[in-house]
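**Student:** Dropping a structure here in structure tokens format, bear with me for questions.
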Amino acid sequence: MPAHLPDSEHPRIVIIGAGFGGLKLARSLARKPYQVVLLDKNNFHQFQPLFYQVATSGIAPSAIAFPVRKIFHRIPNVHFRMAEVKEVKTDEKQIVTDVGSIEYDFLVIATGADTNYFGNAQIEQNALPMKSVQESLALRNKVIEQIENALISNSAEERKERMTLVVVGGGPTGVEVSGALAEMKRFVLPKDYPELDFEEMDIHLLEASPQLLNGMSEQSSTAARKFLEGMSVKVETGAMVESYDGHTVKVKGGKEISSSTLIWAAGIRGNRLNGIPSDLYKGNGRLEVDDQLKVKGLKDVFAIGDISYMPDEAFPKGHPQVAQVAIQQGVWLAQALTSKGKPMKGFRYKDLGSMATIGRSRAVVDLPIFHFRGFFAWLFWLFVHLMNILGVKNRFFIFVDWMWYYIKFDQNLRLVIRTKDKSE
Ligand SMILES: Cc1cc2nc3c(=O)[nH]c(=O)nc-3n(C[C@H](O)[C@H](O)[C@H](O)COP(=O)(O)OP(=O)(O)OC[C@H]3O[C@@H](n4cnc5c(N)ncnc54)[C@H](O)[C@@H]3O)c2cc1C
């Protein structure tokens with residue numbers, strides 16, 4: 001089945017994934033002498049850094065999801081298809097999708113990454129991930145449902161289990177979601193549920209390595225821990241979660257925590273595509289590329305963003321899997337593809353720094369030349385995130401939501417929205 005794309009005199013570049021990398025590449029190729037076919041299984045781009053705010057009822061999902069088609073209004077050489085790629089046939093320079101087959105001259109894999117459960121099927125079945133808008137909404141539903149259920153518990157043990165939330169993974173995602181849950185516990189939930197005693201509610205943050213925010217400076221890691229503990233989050237480092245059956249979290253060494261909600265933010269792995277030889281995928285499912293971003297071992301196939309793995313002197317274990325790498329690679333690849341054969345210096349990642357927020361007025365920021373934390377770091381975090389969100393309207397609504405929350409300590413988004421099965 002063909003995917004019904006228009007004919008073009010120009011070579012065709014197919015980009016799989018409209019995340020940070022794929023979208024930047026497609027935008028940078030606008031009106032260039034290529035036919036660009038951008039594919040994504042969703043018809044929207046997702047701003048992942050704010051998933052945790054959707055999950056904790058801080059902002060609406062529509063504020064961080066932007067329709068891809070809207071971005072390419074009046075750009076005739078970019079064609080979007082909402083399509084899931086099922087297979088890549090590199091010998092035939094063709095991909096197979098759920099809306100048909102598409103031939104390519106150049107293929108760019110920008111499929112990003114998904115949650116990594118490190119092969120633990122039990123945890124995968126029972127834990128809640130946060131790698132898409134849909135999963136963030138499922139998490140929002142679960143947290144609110146558990147507090148609703150706490151009201152109708154038959155015993156103190158049952159109530160305690162429902163009011164205990166466990167976050168696994170002390171990277172920026174785990175730290176940010178723990179901080180936001182602690183704020184909900186302190187400022188929001190007691191007003192909604194006056195019949196419950198929120199002293200009973202525990203939020204645990206478990207991290208297997210010896211410190212939070214690995215990859216950031218020691219000062220930031222220590223400050224984040226102090227901020228979280230000041231907000232009554234029970235932080236444990238060196239705590240490796242071994243199993244979770246939906247009720248009991250078992251930590252290596254024997255510790256057990258009763259909880260009906262476990263949020264898994266402990267790792268990611270590349271989104272693989274059928275047809276790409278499995279030996280080309282390196283540690284945690286990334287495709288090794290050379291400094292021209294070409295997938296080693298394949299012809300005319302590139303990989304950018306979280307799925308790509310390019311160890312170099314500055315990053316011997318590959319680049320960090322963050323938005324800036326994907327964006328810079330998208331820009332670089334567009335330049336390389338339009339350089340008309342002029343030799344280009346290989347891709348080098350310019351590290352602009354990293355940051356994490358830990359609730360109202362608290363954040364940690366590591367810039368290449370200095371580190372800071374506290375209120376100004378939080379303002380800096382707000383500014384950077386706001387400027388990176390797509391769409392003026394989204395920026396405006398998020399800004400209003402943040403200011404409203406800052407002044408009122410409240411939000412109207414604590415809605416449990418489930419899809420209804422037609423048979424119900
Ligand atoms: C909760 C969370 C918080 C984060 N916070 C930060 C942060 O604060 N700062 C930061 O820099 N980074 C952050 N990141 C990381 C950042 O979001 C990623 O590094 C970035 O999104 C990678 O961009 P990408 O283009 O490689 O992939 P993505 O943005 O993940 O995009 C991949 C796209 O490919 C599509 N896709 C995948 N498989 C297929 C297929 N088979 N067919 C069709 N489409 C497919 C997906 O639908 C998706 O749209 C965070 C990530 C998460 C999950």
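None of the figures in this text is laboratory data; all of them are computed from the coordinates on show. The model shown is predicted, which means the values in this text are computed figures rather than measured ones. Every residue, glycine as well, gets a Cβ built from its backbone with ideal geometry; the counts of neighbours run over all protein chains shown.
**Student:** Separation of region 389-410 and region 1-29 by C-alpha centroid, Å?
**Tutor:** Region 389-410 and region 1-29 have Cα centres spaced 33 Å from each other.
**Student:** Sort out for me the Cα centre separation of region 152-228 from region 89-119, rounded to whole Å.
**Tutor:** What the calculation gives is 38 Å, centre to centre.
**Student:** Would you please give the FRET efficiency between residue 413 and residue 292, computed as 1/(1 + (r/R0)^6) with r the Cβ-Cβ distance and R0 = 51 Å, to the nearest 0.05?
**Tutor:** 0.70
**Student:** Along each of its three principal axes, how wide is the spread of alpha-carbon positions in region 121-266, in whole angstrom units, largest first?
**Tutor:** Principal extents (largest minus smallest coordinate, Cα): 43, 34, 32 Å.
**Student:** Two decimals is fine: what's Rg over Rh for region 308-424, C-alpha atoms, Kirkwood radius as Rh?
**Tutor:** Checking Rg against Rh, the ratio lands at 1.11.
**Student:** Using the Cα centre as the reference, give the magnitude of the dipole from point charges on the C-beta atoms of region 121-266 (Lys, Arg: +1; Asp, Glu: -1; all else neutral), rounded to the nearest 20 debye.
**Tutor:** Rounded to the nearest 20 debye, it is 300 debye.
**Student:** Give the cross-link partners of residue 317 among the lysines, using a straight C-alpha distance below 17 Å as the criterion and excluding same-chain residues fewer than 8 apart.
**Tutor:** Within the straight-line cut-off, residue 317 pairs with 282, 296, 350.
**Student:** Does anyone have the angle between helix 323-337 and the longest principal axis of the chain? Alpha-carbon axes, 0 to 90°, nearest 10?
**Tutor:** Roughly 0 degrees between the two axes.
**Student:** Ok, one more. Between residue 193 and residue 4, with labels modelled 7 Å along Cα→Cβ, what's the label distance in nm to one decimal, could you check?
**Tutor:** 4.9 nm
**Student:** Out of the DSSP beta bridges found with both residues in region 121-266, what percent are antiparallel (nearest 5)?
**Tutor:** Antiparallel: roughly 25 percent of the beta bridges in region 121-266.
**Student:** Report the dimensions of the chain along its three principal axes from the alpha-carbon atoms, largest first, rounded to Å.
**Tutor:** Each principal axis gives a Cα extent; for the chain these are 69, 58, 44 Å.
**Student:** In whole percent, what relative contact order does the chain give with Cα contacts below 8 Å and a gap of six or more residues?
**Tutor:** Answer for the chain is 19 percent.
**Student:** Farthest toward the dipole's positive end in region 121-266, which of 170, 258, 190, given Cβ charges of +1 (Lys, Arg) and -1 (Asp, Glu) about the Cα centre?
**Tutor:** Projecting each Cα onto the dipole axis, the largest value belongs to 170.
**Student:** Just to check I understand the Karplus step: with θ = phi - 60° and J = 6.51 cos²θ - 1.76 cosθ + 1.60, what whole-Hz values come out for region 60-72, glycine and proline as x?
**Tutor:** 7, x, 5, 6, 10, 10, 10, x, 4, 4, 4, 5, 10
**Student:** Here's something else I'd like to know. What's the Kirkwood radius of region 1-111 in Å, using all Cα pairs?
**Tutor:** Here the Kirkwood hydrodynamic radius works out to 14.7 Å.
**Student:** Right, another one. So which trypsin sites (Lys or Arg not before Pro) in region 176-258 end up in coil per DSSP with only 14 or fewer other C-beta atoms within 10 Å?
**Tutor:** Answer in residue order: 252, 255.
**Student:** Rounded to whole Å, give me the distance from the Cα center of region 130-151 to that of region 257-281.
**Tutor:** 20 Å
**Student:** Hey, quick one: spin label on residue 118, modelled 7 Å out along Cα-Cβ, who in region 211-238 has an amide N within reach, i.e. under 17 Å?
**Tutor:** Within reach of a label on residue 118: 211-215, 236-238.
**Student:** In degrees from 0 to 90, rounded to the nearest 10, what is the angle of the helix 392-408 Cα long axis to the longest principal axis of the chain?
**Tutor:** 10 degrees
**Student:** Mind checking which of 370, 51, 187 has the largest fluctuation in a GNM of the chain, springs on alpha carbons under 10 Å?
**Tutor:** Maximum among the listed residues: 370.
**Student:** Return one number: the angle in degrees, 0 to 90 and rounded to the nearest 10, between the long axis of the Cα atoms of helix 172-183 and the longest principal axis of the Cα atoms of the chain.
**Tutor:** Roughly 30 degrees, rounded to the nearest 10.
**Student:** In whole percent, what relative contact order does region 259-343 give with Cα contacts below 8 Å and a gap of six or more residues?
**Tutor:** Reported as a whole number, the value is 19 percent.
**Student:** Counting pairs of alpha carbon atoms under 8 Å apart in space and at least six apart in sequence, what relative contact order in percent does region 121-266 give?
**Tutor:** Relative contact order, region 121-266: 33 percent.
**Student:** Shifting gears a bit: Label-point separation (nm) for residue 103 and residue 397, each offset 7 Å from Cα along Cα-to-Cβ?
**Tutor:** 4.2 nm
**Student:** Okay, next question. For the chain, give the share of DSSP beta bridges that are antiparallel, in percent and rounded to the nearest 5; count only bridges with both residues there.
**Tutor:** DSSP beta bridges in the chain are roughly 45 percent antiparallel.
**Student:** What percent of all Cα-Cα pairs in region 113-180 falls in each 10 Å bin, counting up from 0?
**Tutor:** With 10 Å bins starting at 0, P(r) equals 17, 46, 31, 6, 0.
**Student:** If N is the number of residues in region 11-73, what value comes out of its Cα radius of gyration divided by 2.2 N^0.38 Å?
**Tutor:** Cα-based Rg divided by the globular estimate yields 1.27.
**Student:** Helix-only estimate, please: 222 nm mean residue ellipticity of the chain, summing -39500 (n - 2.57) across DSSP H runs of length 4 or more and dividing by its residues, to the nearest 500.
**Tutor:** Helix contribution divided over all residues of the chain: -9000 deg cm²/dmol.
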